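The values are calculated or read from the model by the stated rules, or taken from the named source; none is laboratory data. Remember, it's a predicted structure, so these values are computed and weren't measured experimentally. Note that we place each Cβ from the backbone using ideal geometry, even for glycine, and neighbour counts take in every protein chain shown.
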Amino acid sequence: MQRGLYASATGMNGAQQLLDVIAHNLANVSTNGYKREGAVFSDTLRRAMFADDGRFIGQLGSGAWMQDHFTVMEVGEIKVTGNPLDVAITQPKGFFAVQSPGGTRYTRDGSFTINAQRELTTNDGLPVLDTAGREITLPDGKVEIDGGGNVSVSGLLVSTIGVYDGRVTKLGDGLYEGTAMQVMDAPILQSGAVEGSNVNAIEEMIAMIQLNRIYEMAQRGALSQDEMTQKLLQSIQGR
């Protein structure tokens, strides 16, 4: 019975961890370039089971626990804004490089602006980097960005926005840390648009409702195990 109580408690804990993941996804349903999180669960305390004649007949687990989480890199909704500084990456691979106080970071949020120093930056003020890893400074004039990331001012090519690919680790605030990042030769971009979040709010809400039911079932299981333990102790004391 104690194993059953442990399994119920493990189930409640796993449900709470997954609920945190879903809540984080829902909180970023309107965040440009956000990639939803998923979770991987595994059985705990597996124990081999054998028949009386010594034959192996299976394994006995004690509940599920969240082994790891992952990022789903599918493309989010491409939203046309008409802003000439906005750029969307329309393929799963690829990140814009930006200069942060902690070094070069990467993002899928292509909602750009120009600061007082005429630098192309993110809305958070981080300078956008070109294909050589340099900050992009623009002269006065009409700025245009084409589908290849080429930045022109009054018809003259000034720079090319760098789109990089490699191994990334999510840091938060839409930023990633990259390893072995390389410039992509022919990224697929769309100017005058931004990539939205790839979170499906309806699917996440359905998952949250199902998860609440699972939590309640595990909670009822724990209460039942506790009641059975109390009855067992009472029967032993009554002997």
Can ARG134 be described as of a type in the set (Lys, Arg) and farther than 21 Å from THR31 by Cα? yes
Any chance you could count how many residues in the stretch 201-239 are among the polar types (S, T, N, Q), modelled with pLDDT of 70 or more and under 17 Å from LEU19 (Cβ atoms)? 2
Picking from ALA186, ALA180, the residue that is more than 17 Å from PRO92 (Cα to Cα) and either part of a loop (DSSP other than H, G, I, E, B) or at pLDDT below 95 (or both) would be ALA180
Pull up the stretch 65-123, narrow it to residues that are of a type in the set (Gly, Ala, Ser), free of Cβ contacts under 8 Å to residues at least 12 places away in the same chain and assigned to a loop (DSSP other than H, G, I, E, B), then point me to the one that is surrounded by the fewest Cβ atoms within 10 Å (Cβ to Cβ). ALA116
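Results for (1) in contact with a Pro (Cβ under 9 Å, 6 or more places away or on another chain); (2) under 27 Å from ASN25 (Cα atoms); (3) not charged (D, E, K, R), shown as yes or no for each residue.
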{"residue": "THR104", "(1), (2), (3)": "no, yes, yes"}
{"residue": "ARG108", "(1), (2), (3)": "no, yes, no"}
{"residue": "LEU138", "(1), (2), (3)": "no, no, yes"}
{"residue": "ARG167", "(1), (2), (3)": "no, yes, no"}
Looking at this structure, is ASP146 in contact (Cβ under 8 Å) with a residue 40 or more places away in the chain and closer than 22 Å to SER197 by Cβ? no
Any idea which of (1) assigned to a strand (DSSP E or B); (2) among the polar types (S, T, N, Q); (3) touching a Gly at 6+ places or on another chain (Cβ under 8 Å) is the one SER152 doesn't satisfy? (3)
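Conditions (1) hydrophobic (A, V, I, L, M, F, W, C); (2) surrounded by 16 or more Cβ atoms within 10 Å (Cβ to Cβ); (3) not assigned by TED's automatic domain parsing to the domain that holds PHE95, marked per residue:
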| site | (1), (2), (3) |
| --- | --- |
| LEU126 | yes, yes, no |
| ASP140 | no, no, no |
| SER152 | no, yes, no |
| SER159 | no, yes, no |
| ASP165 | no, yes, no |
Scanning the stretch 31-59 for residues that are at pLDDT 80 or above and in contact with a helix residue (DSSP H, G or I) (Cβ under 9 Å, 6 or more places away or on another chain), which turns out farthest from GLY174 (Cα to Cα)? ALA39
Just to be sure, is ILE209 in the same structural domain as SER100 (by TED's automatic domain parsing) and surrounded by fewer than 18 Cβ atoms within 10 Å (Cβ to Cβ)? no
